[in-house]
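Following: one structure in structure tokens, then a few remarks.
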Amino acid sequence: ATTIISLIRVHSEKVRPPRSLFVPFELGRPLGAPNDPAMQKQVLKAALDLLDRDDGPSFIEDFDYDGAYQEPTEDWQNPAADMAVDTDVSDMAAARAAVRTEVAALRPLYDKAVAQSGRDPVGTSGLAMEQIADYVTAFLGEPPESPPDGARADISVAMILRYAADDLTAFYLHATSAGSLTRDLTPSSVQQTDWFWQQTAAAKVLIALRAKWMDSDNTGLKTVCGRFMIPHMQIHGLGL
């Protein structure tokens, strides 16, 4: 007996598993909002309840959801409001300085989020955040020939870029999960991701990397930047 939770409906339509619960959440959040065990239990129960049905050989059930947790949080303060994000990504030094400024400004919030959650989501690349800012922006020019100190030695330069970009995104999103330094008001999930992809220098750099390398002859960078740099929903939302 098989039941799955599906985040991309077309995948379930093509693979045709016996039972599939489609949920309208962002990739990486199949159970809905973080820190909401009641919602998470509701999603799990809905998926397991499909085991009682024998509609077969394959069906997709839509999760009954009113979209509440994705509604914007009123009075949430944008942590990037005072940051200089209108930088020209064709100027690598300026882009690097802008990302460094954001990382430094978000560091206290990130530390607060780590203390609150007991979880540090950054570390896949093996690089410190200051190195990540430098390494990711370096690909706005010619790609580095060798990885920086501390990077994983078992993967290619392109894969280090992928993991560094993942760490960069995780740092920003985890920082905003703490609310602010004085309040615990947190953004909704959609509000949080829209903030990152639409209002930060870091996202502007990642978008520029996708444009620069997605048609490159460098197979590794073409794959990483073309397929893994930006979430599918954001590609459509930003009109890329």
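The values are calculated or read from the model by the stated rules, or taken from the named source; none is laboratory data. Note that this is a predicted model, so its numbers are computed, not measured. Don't worry about glycine lacking a Cβ; one is built from the backbone with ideal geometry, like all the others, and counts go over all protein chains shown. Quick note on the areas: whole protein, heavy atoms, side chains included, nothing else; ligands and nucleic acids left out. Shrake-Rupley method; radii C 1.70, N 1.55, O 1.52, S 1.80 Å.
Derived scalar couplings between HN and Hα for the stretch 98-113 equal 5, 5, 4, 4, 5, 4, 5, 5, 8, 3, x, 5, 5, 4, 5, 5 Hz in order, rounded to whole Hz, by the Karplus curve 6.51 cos²θ - 1.76 cosθ + 1.60 (θ = phi - 60°), x for Gly and Pro.
Ordering CYS225, TYR65, ALA93 by Cα displacement along the dipole of the chain toward the positive end leaves CYS225 in first place; charges were set at the Cβ atoms of Lys, Arg (+1) and Asp, Glu (-1).
Database remark: amide H of ASP62 closer than 5 angstrom to the amide H of PHE22 (H placed geometrically; neighbours at sequence offset of 5 or more, or on other chains; Pro and chain starts carry no H).
For the options LEU127, LEU48, LEU31, a Gaussian network treatment of the chain with springs between C-alpha atoms closer than 10 Å singles out LEU48 as fluctuating the most. Estimated at 0.36 nm per residue, the fully extended path between ALA128 and ALA211 surpasses their Cα-Cα distance by 27.3 nm.
With both labels modelled 7 Å from their Cα along Cα-to-Cβ, the ALA97 to LYS45 distance reads 5.6 nm. Among GLN198, GLN42, GLN131, the largest mean-square fluctuation in a Gaussian network model of the chain, built with springs joining Cα atoms closer than 10 Å, belongs to GLN42. For Cα extents along the principal axes in Å, the value calculated from this model appears in [x] 51, 42, 38; [y] 45, 41, 34; [z] 59, 47, 33 under label [z]. Each Lys or Arg adds one and each Asp or Glu subtracts one; over the other residues with Cβ under 14 Å from the Cβ of PRO24, this totals -4. Going by Cα centres, the stretch 157-180 and the stretch 207-234 are how many Å apart? Here the answer is 17 Å between Cα centres.
In this structure, the amide hydrogen of LEU140, modeled 1.01 Å from its nitrogen in the peptide plane, lies closer than 5 angstrom to no residue at least 5 positions away or on a different chain.
Summarising the amide proton neighbourhood of ILE4: residues at separation of 5 or more, or on other chains, whose placed amide H is nearer than 5 Å comprise ARG19, SER20, LEU21. The charge dipole of the chain, taken about its Cα centre with unit charges on the Cβ of Lys, Arg, Asp and Glu (plus for the first two, minus for the last two), comes to roughly 440 debye.
Here the stretch 85-139 is treated with +1 on each Lys and Arg Cβ and -1 on each Asp and Glu Cβ, and its dipole about the Cα centre works out to around 260 debye.
What the chain shows is 53 Å² of accessible area per residue, with the surface traced by a 1.4 Å probe over protein heavy atoms. With Cα atoms as the point set, the stretch 30-72 shows a radius of gyration and Dmax of 12.4, 39 Å.
List the lysines whose Cα lies under 25 Å from the Cα of LYS212, skipping any in the same chain that are fewer than 8 positions away. Leaving aside lysines fewer than 8 places away in the same chain, those within reach of LYS212 are LYS204, LYS222.
Using a simple spin-label model with pseudo-atoms 7 Å out from Cα toward Cβ, ASP62 and ASN35 lie 3.1 nm apart.
With a 1.4 Å probe rolled over the protein heavy atoms of all chains, the accessible area of ARG16, ARG53 falls in the order ARG16, ARG53, largest first. Other residues within the sphere of radius under 9 Å centred on the Cβ of HIS174, judged by their own Cβ, net out at 0 (K and R +1, D and E -1).
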